[in-house]
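Trainee: Have a look at this one before I ask anything.
The values are calculated or read from the model by the stated rules, or taken from the named source; none is laboratory data. Note that the structure is a prediction, hence the values are computed from the model and not measured. Every residue, glycine among them, receives a Cβ derived from its backbone with ideal geometry; neighbour counts consider all protein chains shown.
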Amino acid sequence: MFIIFTDTLKNIISLLLTMPLLGIVLPIVGNRLLSRQKVNYLIIALFSITFILACYLLEIMTIKERKAIDLTLYIWGNIANKNLAFGFFLDKTSAILLTVVSGISLLIHIYSMHYMRDEPSYIRFFNYIAFFTFAMLLLVVSNNLLQLFFAWEMVGLASYLLIGFWFTNDKAVKAAFKAFLINRISDVGLLLGILVVFYCFHSFNYVEIFTLIYNNHYLPNIMILPGIVLPAGMVIGILLLIGALGKSAQLPFHTWLPDSMAGPLPVSALIHAATMVTAGIFLIIRVMPIIELSSIALQAMIIIGIMTCIAMGLVAMVQYDLKQILAYSTISQLGFMLVALGYSAYSAALAHLTVHAIFKALLFLSAGVVIVAAGGVQDIRKLGGLRKKWPSIYGIMLVASLSAIGVPGLAGFYSKDLILNAVHQPAIYYLLIFSILITTIYTMRMLFMTFYSKNTAIVSIKPLPWYINVPLFVLAILSIVIGWVGNHTFMTALHGVISLPFLLIIIGCLVTWFYYGQPLVEDYSLSNVFKPIYVLLVNKYWFEEINHWLVKLSKLLGECCYKFVDLLIIEKIIINSAVTFTVRTANFIRNMQTGYLYHYLLIMVGGVILLLYWLLLRL
Amino acid sequence: MMWHSLSILSCLVWFPIIVGVVLLLISRQSNFILSKTSLLKSIVMICSSCCFLLSCWLIYSFDTSTWKYQFIEYIPWLPKLGIHYALGIDGLALSFIALTCLMFFVVYLSAWRENINNSVAYYSAFLIMQGLLCGIFASLDAILFYVFYEAMLIPMFLIIGLWGGERRIYAALKFFIFTAVGSITLLIALIYLLCKLNQLELVEPIFTISNFQSLLLTCTEQKWLFWGILLAFAVKLPMLPVHTWLPDAHTEAPTGGSIILAAIILKIGGYGMLRFLLPVVPAACMSFAWIIILLSILAVIYIGFITIMQQDLKRLVAYSSIAHMGLVTLGLFVIFIEAQNYTFINKFNIQQLTTGIEGAIIQMLAHGLIVGALFFCVGILYTRVHSRMISDYQGIAVYMPNFAALFLLISLANIGLPGTVGFVGEFLVILAAMQARFYYALGAVVILVLSVAYTLWNYKQIMFGQVMHERNAVTLYDLTWEEKFILLCLGVIIVILGFWPASILHVLRNSVEHLVFGIYGF
């Protein structure tokens, strides 16, 4: 048995992070010297190395079962003689996520090479996603909260750049700005949380903080507002949770994610479905010992998670845009993971994160193929009948959908099963099962409307190049088999067949088939029956309107401050009156200098008389 | 105090001033220089490069292991009154001098292609101002400081008044009167301190700034002195109720003037507070800290909202400066509240207090770099489109891709994105505020959200979307080499300091620690 030295491990992680950085620089250089195809191979090579290194680290951490390790890279700065070191923290969680992120990133790089081939700023696109991959990997291997915050903001920046990739498109740049702003609001929560952690533990480093927590470190109370004192654990838990909610697009910060679909499709697959949005979930898993200090934060996670899961799943049921359905489905699935975190089922959440990354990436990528073939049509009412014309893509989408629903035997089942097992409150348990029913309905509705009904958009079917086929194929295989790791095999799924969730899945499929499987006769019947609910869902609970109202309010506030306080009160009234006072006083004194001799004489005589009078009085 | 064989600081102060004056005199005599603007520009560039290299040499040979003043120069001036020509720097002064030399270099290079009316006078004014600003940061003697401080107003007044925009006379007068009113109270305070020092009958009655700390002032005296000194520097910084000169001055000044005004002159306010307010009247600072903190947080929130609805690009950057300066005063004064949390005060405790001050200093330096670069970007846009209104711009990124990338970097630094130096200052100040009171930090973080709202929204309005005015497309050319060079240099510095603030903290550490020890009498 051979031992891997700490330094070697540090070098491996450094190399792993260098590859995406090279992926930013080399294509720019390569674009001038090499042909497009060679640049493509270069990019694939770089990200393959990243992926292989990640797999190697995963092997070390899981199969060889190495202990978690904390590596210091360099000193970022120091606060009051306390050095803040940047470095790497490697354990099973980070190794798994490294593999997931680098693997999906590799596949989506390959996919994009065909998908974006006609794009004038082809290289810029790859610069951005390489930057994103770097930032996401950095986030995963950070060994302290400050570095995590760095990477956290960097992935936010990458997301901003990629949503607004087509910067002449007004809708896209607005969505990019919205995503950045909403994320910033929640990031402020995260930053404050990190600062409170530093205040309590005098460190940002995970290992140091966790050691202090295991030794029952004393936690002070914190006065959050004058007169309101709360225990530090609760404050930290809630603030970190706010940070996680923004990035993972949970209520009430979710509105940016559906809009972010204005970006290129591979971006939606990589960033806004598979990897970046799971950063919030990762954060909670990573700071698990800190979060566990506060039961309120855990309960908040359960409540927000279940609310998001059901509410956004319901919205997905009435959407007609293919990418929007997938976006709402992502939000809903993230809510599912959040519930698992609330019950401290961290490994279950991590499992669902991994599985979700795979099947959601697959759903997006195959949807991309359909959209391109239909000439950019995303409305599922206009798609349809593709099943017979294009069975291969139908098969892939079917696998992804069934895995997403959680049909026993497929990957999605195992992770959902783990989460359901962890839930010990019956009410939440049944709500989660209800959410599985909703998932079934919106997923099958999307599938049926896209592939079964007859009104067909003009679809040009061309044989797909390997750039597209390989990622689809790999992800499809993984969507089936990724669940069969460890003790889980295909046979362990048998108990799922006779359980309540599966019954609901079958019912959901049948109901959906009844309504959407047939050639579509406008589905007014349902929307008329449940009119109020339908209106609620179509308007997405009016979150957008509330946001607009808030923006208008702050603009109005700015206007008032500027026009009324700054220009009127400070400038006109206070400062101008000081000026006027000076001018008037000067004028008054000037007017006293009349220049007439008898005025002066009068004043002189009067003065002498007054003086004499005063002197006389003193005598 | 002793003579130093190399009077490098005097060189930094007087060399540009002498060059400026000589240029002015020569241009009176003959038109030779006037006719050859490229020669003039070369002379100015060489002069400023020399100053820049000198400042680099200062950084290189500066000993960071001590808090003591270095490169000391000392000549008796009015010895009977205890006034001397004394120069010397510590970590604080060094960082500001380096910033000054860098930003003036940027200003001269940015005007490389511009045709300026009466360019000799323009460059002379800037050269003289550069020397005076270095003098402010390098002087050890309070009266010398005051002389530089007042003299600096004249070239700035002329720059705004002669080369400014439409309402330049109004803006220049406003700037002058606001600052002069503050200066008077500072002068009164300094004279009072001078009398006090002379009463002490020191063996060697030197009117240096560090001697103020040895004065034993009563609480009442401190309170009066506090307001006197505060008013001078609060106007300069500017703090909330006395900020209204700044948007006008920034908007009307020429690009170079705006850069210097924002990058250096505002910093004199913070620097002055560090030198005169905190160590000299600590008891008054302690009792009035809550007022300053309240004003700072109010500035952050209130000015932030004002900035959101600005239509004029320069005015927007000016207002965002005020909001960022709010964090500086917060960082400086939050230490007094933080100390109240300690049950007892010892040397170890006191070391914790350096965070706020270091944060404030880095915030000033960062803001100098970032806002200097932002005004430069606005200047670049102005030379092409000749408008400051945001609504006149749309879809610039199509025609100026390099500019779009670098402008984005600077904008991201302005919103305090981690990885840029903008984050470091904000982070340290908010951390210090958090350690004092949670709700101070809660108020201060508003800037993180509001700055995104105004910076990125306006970036979007200017750079993205379809090109609306086709006529503009003709005049839009991408960056020239010197513009690219400047923005790249500033961008690289911003990013390096963002990822490695240890370098700058290392320079500041001992000086700040000494300052904090001084406040608490260790």
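Trainee: Condition first: of a type outside the set (A, V, I, L, M), assigned to a strand (DSSP E or B) and surrounded by fewer than 17 Cβ atoms within 10 Å (Cβ to Cβ). Can you find one or more residues in the stretch B:65-76 that meet it?
Mentor: Initially, the stretch B:65-76 is screened for residues of a type outside the set (A, V, I, L, M), giving B:65-71, B:73-74, B:76.
From what is left, the residues that are assigned to a strand (DSSP E or B) are B:70-71, B:73-74, B:76.
After this cut, where a residue has to be surrounded by fewer than 17 Cβ atoms within 10 Å (Cβ to Cβ) as well, the list is B:76.
Within the stretch B:65-76, one or more residues are of a type outside the set (A, V, I, L, M), assigned to a strand (DSSP E or B) and surrounded by fewer than 17 Cβ atoms within 10 Å (Cβ to Cβ).
Trainee: Quick one: A:Arg184 ticks every box in (1) within 7 Å of chain B (Cβ to nearest Cβ); (2) under 26 Å from A:Leu265 (Cβ atoms); (3) in contact with a Pro (Cβ under 7 Å, 6 or more places away or on another chain) except a single one, so which number is it?
Mentor: Here A:Arg184 clears every test but (3).
Trainee: Looking at this structure, is A:Leu162 touching a Gly at 6+ places or on another chain (Cβ under 7 Å) and modelled with pLDDT of 90 or more? Steps first, answer last, please.
Mentor: Values: touching a Gly at 6+ places or on another chain (Cβ under 7 Å): yes; modelled with pLDDT of 90 or more: yes.
Yes; evaluated as a whole, the condition is true for this residue.
Trainee: Yes or no: the stretch A:87-104 includes at least one residue that is hydrophobic (A, V, I, L, M, F, W, C), assigned to a loop (DSSP other than H, G, I, E, B) and either over 23 Å from the mean Cα position of the chain (by Cα) or within 30 Å of A:Phe210 (Cα to Cα) (or both).
Mentor: For the stretch A:87-104, residues hydrophobic (A, V, I, L, M, F, W, C), assigned to a loop (DSSP other than H, G, I, E, B) and either over 23 Å from the mean Cα position of the chain (by Cα) or within 30 Å of A:Phe210 (Cα to Cα) (or both): absent.
Trainee: A:Lys82: among the basic types (Lys, Arg) and under 30 Å from B:Gly425 (Cβ atoms), yes or no?
Mentor: So A:Lys82 fits the description; yes.
Trainee: Right, B:Lys223: away from chain A (no Cβ under 14 Å) and surrounded by fewer than 24 Cβ atoms within 10 Å (Cβ to Cβ) or not?
Mentor: Taking the combined requirement at face value, the residue satisfies it.
Trainee: To continue, here is another question. Does B:Leu515 satisfy being in contact (Cβ under 8 Å) with a residue 24 or more places away in the chain, part of a helix (DSSP H, G or I) and under 24 Å from A:Asn183 (Cα atoms)?
Mentor: When the stated conditions are applied, B:Leu515 does not pass them.
Trainee: Would you confirm whether or not the stretch B:350-362 contains a residue that is more than 11 Å from chain A (Cβ to nearest Cβ) and more than 23 Å from B:Pro279 (Cβ to Cβ)?
Mentor: Scanning the stretch B:350-362, I find no residue that is more than 11 Å from chain A (Cβ to nearest Cβ) and more than 23 Å from B:Pro279 (Cβ to Cβ), so the answer is no.
Trainee: Within the stretch A:73-92, can you find the residues that are more than 7 Å from chain B (Cβ to nearest Cβ) and either polar (S, T, N, Q) or surrounded by fewer than 18 Cβ atoms within 10 Å (Cβ to Cβ) (or both)? Give the derivation first.
Mentor: Filtering the stretch A:73-92 for residues more than 7 Å from chain B (Cβ to nearest Cβ) gives A:73-74, A:82-92.
The answer is A:Leu73, A:Tyr74, A:Lys82, A:Asn83, A:Asp91, A:Lys92.
Trainee: Sort out which residues of the stretch A:156-174 are part of a helix (DSSP H, G or I) and within 11 Å of chain B (Cβ to nearest Cβ), and write them in order of number.
Mentor: A:Gly156, A:Leu157, A:Tyr160, A:Leu161, A:Asp170, A:Lys171, A:Ala172, A:Val173, A:Lys174, listed by residue number.
Trainee: Moving on. For the stretch B:157-171, indicate whether the set of residues that are within 19 Å of B:Gly272 (Cα to Cα), crowded, with 21+ Cβ neighbours inside 10 Å and not acidic (Asp, Glu) is non-empty.
Mentor: No: the stretch B:157-171 contains no residue that is within 19 Å of B:Gly272 (Cα to Cα), crowded, with 21+ Cβ neighbours inside 10 Å and not acidic (Asp, Glu).
Trainee: Just one of (1) away from every other protein chain (no Cβ under 14 Å); (2) more than 26 Å from B:Ile380 (Cα to Cα) trips up B:Val300, so point out which.
Mentor: (1)
Trainee: Hey, another quick one. Please go through the stretch A:52-72 and give me each residue that is within 30 Å of B:Val421 (Cα to Cα), surrounded by fewer than 18 Cβ atoms within 10 Å (Cβ to Cβ) and away from chain B (no Cβ under 14 Å), ordered by number.
Mentor: Within the stretch A:52-72, just A:Asp70 meets the criteria.
Trainee: Continuing with the same structure: How many of the residues making up the stretch B:228-243 are among the aliphatic types (A, V, I, L, M), in a helix (DSSP H, G or I) and within 17 Å of B:Phe176 (Cα to Cα)?
Mentor: Counting residues in the stretch B:228-243 that are among the aliphatic types (A, V, I, L, M), in a helix (DSSP H, G or I) and within 17 Å of B:Phe176 (Cα to Cα) gives 5.
Trainee: Right, here's the next one. Show the residue pairs meeting these rules: Cβ distance below 6 Å; 6+ apart or different chains; first residue within the stretch A:404-432 and under 20 Å from A:Ile331 (Cβ atoms); second residue buried (at least 23 other Cβ atoms within 10 Å of the Cβ) and among the basic types (Lys, Arg).
Mentor: Every condition considered, the pairs that remain are A:Gly406/A:Lys416.
Trainee: Something else now. Does A:Ala95 fit the bill of being over 21 Å from A:Val267 (Cβ atoms), out of contact with any Pro (no Cβ under 9 Å at 6 or more places or on another chain) and within 14 Å of another protein chain (Cβ to nearest Cβ)?
Mentor: On the way: over 21 Å from A:Val267 (Cβ atoms): yes; out of contact with any Pro (no Cβ under 9 Å at 6 or more places or on another chain): yes; within 14 Å of another protein chain (Cβ to nearest Cβ): no.
Against the criterion (over 21 Å from A:Val267 (Cβ atoms), out of contact with any Pro (no Cβ under 9 Å at 6 or more places or on another chain) and within 14 Å of another protein chain (Cβ to nearest Cβ)), A:Ala95 does not qualify.
Trainee: Against the conditions (1) within 12 Å of chain B (Cβ to nearest Cβ); (2) touching a Phe, Trp or Tyr at 6+ places or on another chain (Cβ under 9 Å); (3) farther than 27 Å from A:Ala316 by Cβ, where does A:Asn221 fall short? Just the number, please.
Mentor: It is condition (2) that A:Asn221 fails.
Trainee: Report, by residue number, each residue of the stretch A:285-307 that is of a type outside the set (Gly, Ala, Ser), touching a helix residue (DSSP H, G or I) at 6+ places or on another chain (Cβ under 6 Å) and within 16 Å of A:Ile419 (Cα to Cα).
Mentor: Listed by number, the residues that qualify are A:Ile285, A:Leu298, A:Met301, A:Ile302, A:Ile306.
Trainee: If I ask for residues that are surrounded by 18 or more Cβ atoms within 10 Å (Cβ to Cβ) and either over 22 Å from A:Leu363 (Cα atoms) or among the aliphatic types (A, V, I, L, M) (or both), which ones from the stretch A:412-427 would you list?
Mentor: Passing the criteria: A:Leu418, A:Ile419, A:Leu420, A:Ala422, A:Val423.
Trainee: Quick check on the stretch A:235-243. Is at least one of its residues touching a Ser or Thr at 6+ places or on another chain (Cβ under 7 Å), more than 14 Å from every other protein chain (Cβ to nearest Cβ) and modelled with pLDDT of 90 or more?
Mentor: Among the residues of the stretch A:235-243, at least one is touching a Ser or Thr at 6+ places or on another chain (Cβ under 7 Å), more than 14 Å from every other protein chain (Cβ to nearest Cβ) and modelled with pLDDT of 90 or more, which makes the answer yes.
Trainee: Then there is this: Could you tell me which residue of the stretch B:308-338 is surrounded by the most Cβ atoms within 10 Å (Cβ to Cβ), considering only residues that are facing another protein chain (nearest Cβ under 10 Å) and more than 20 Å from the chain's Cα centre (by Cα)?
Mentor: B:Ile308
Trainee: Same structure again: Please state which one of B:Ala171, B:Ala151, B:Ala138 is touching a Gly at 6+ places or on another chain (Cβ under 9 Å) and within 24 Å of B:Gly326 (Cβ to Cβ).
Mentor: Answer to the check: B:Ala171.
Trainee: Here are some conditions: (1) under 20 Å from the mean Cα position of the chain (by Cα); (2) within 20 Å of B:Ala366 (Cα to Cα). B:Leu515 meets all but one. Which one does it not meet?
Mentor: All conditions are met except number (2).
Trainee: Is it the case that some residue within the stretch B:421-444 is touching a residue at least 12 places away in the same chain (Cβ under 8 Å), within 13 Å of chain A (Cβ to nearest Cβ) and surrounded by fewer than 19 Cβ atoms within 10 Å (Cβ to Cβ)?
Mentor: No; the residues of the stretch B:421-444 include none that is touching a residue at least 12 places away in the same chain (Cβ under 8 Å), within 13 Å of chain A (Cβ to nearest Cβ) and surrounded by fewer than 19 Cβ atoms within 10 Å (Cβ to Cβ).
Trainee: How about the stretch A:543-567: which of its residues are loosely packed, with under 12 Cβ neighbours inside 10 Å and among the aromatic types (Phe, Trp, Tyr)?
Mentor: A:Trp549, A:Phe564
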